[in-house]
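Just so it is clear, none of the values below were taken in a lab; they were calculated from the coordinates. As the structure is a computational prediction, the values presented were derived from the model and not from experiment. Note: ideal-geometry Cβ built from the backbone for every residue, glycine included; neighbour counts use all protein chains shown.
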Amino acid sequence: MALQKLTKNKKNEYVCPQCGKALRFVDGGAVQLVDGQPDMENILPKYECEHCDVFYREFMDTGYYDAFPLHPLPPVRRVKDVGELMPMQLYKDERNECVCPRCGEKMQFVEGQAVRIVDGRPDMENVWGHFFCSHCQSVFRRVAGTDFYQWAEK
């Protein structure tokens, strides 16, 4: 979107160029530290339109404003290919969760279950505890006789 001048309504409020509703003024604040680095993003004042999910910030005291998304989308995490994953040690926390080595989201530890009979045959698939990630549908099972886990098809 190109730089644009904001117009005012009869109440002397700036209005959104997209929907015509009054913009909410948000004053700038102090410099904040994000991940140990100074974040200068919020030190300048801005005008927000929650209806259009955008905010407008003046460009270098020119009287022209640039539009930005009010709630930017989170960065898309790359899901690793299973060939990139080597056997690794995984540890559950107090909530039975662990970070998924494949997608970076939280995955659950599933406790081992009793042997089940499926179609007249013993099903040993979930006898041993394993990790399951509901985000990338990955399963990590213990490598026999070790403290290491590796990705498994199911």
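Observations
- Checking every one of the trypsin sites (Lys or Arg not before Pro) in the range 13-105 against DSSP loop status and a limit of 10 other Cβ atoms within 10 Å picks out 78, 95.
- Estimated dipole of the range 82-152 in Debye, rounded to 20 [Cβ of Lys and Arg +1, of Asp and Glu -1, Cα centre]: 80 debye
- Computed E for residue 26/residue 136 - FRET, C-beta separation, R0 41 angstrom, nearest 0.05: 0.65
- Here 111, 94, 58 are placed in order of increasing Cβ neighbour count within 10 Å, fewest first, which gives 94, 111, 58.
- For the range 128-144, backbone phi angles converted through the Karplus equation (6.51, -1.76, 1.60; θ = phi - 60°) give residue-by-residue couplings of 9, x, 8, 9, 10, 9, 6, 7, 10, 6, 8, 10, 10, 10, 5, 6, 3 Hz, Gly and Pro being listed as x.
- Taking other residues whose beta carbon is less than 15 angstrom from the beta carbon of residue 125, and scoring Lys, Arg as +1 and Asp, Glu as -1, yields +1.
- Only Lys, Arg, Asp and Glu carry charge here, each on its Cβ (+1 for the first two, -1 for the last two); on that basis the range 1-73 has a dipole of about 520 debye about its Cα centre.
- For residue 31, neighbours were defined as the other residues whose beta-carbon sits under 11 Å from its Cβ, and their charges (Lys and Arg +1, Asp and Glu -1) total -2.
- Fewest-first ranking of 151, 128, using other Cβ atoms within 10 Å as the exposure measure: 128, 151
- Value of relative contact order over the chain, rounded to a whole percent, pairs C-alpha under 8 Å and six or more apart: 14 percent
- Local electrostatic count, residue 139, Cβ distance below 9 Å [Lys/Arg +1, Asp/Glu -1]: +1
- Relative exposure of 109, 68, 55, judged by other C-beta atoms within 10 Å (fewest first): 68, 109, 55
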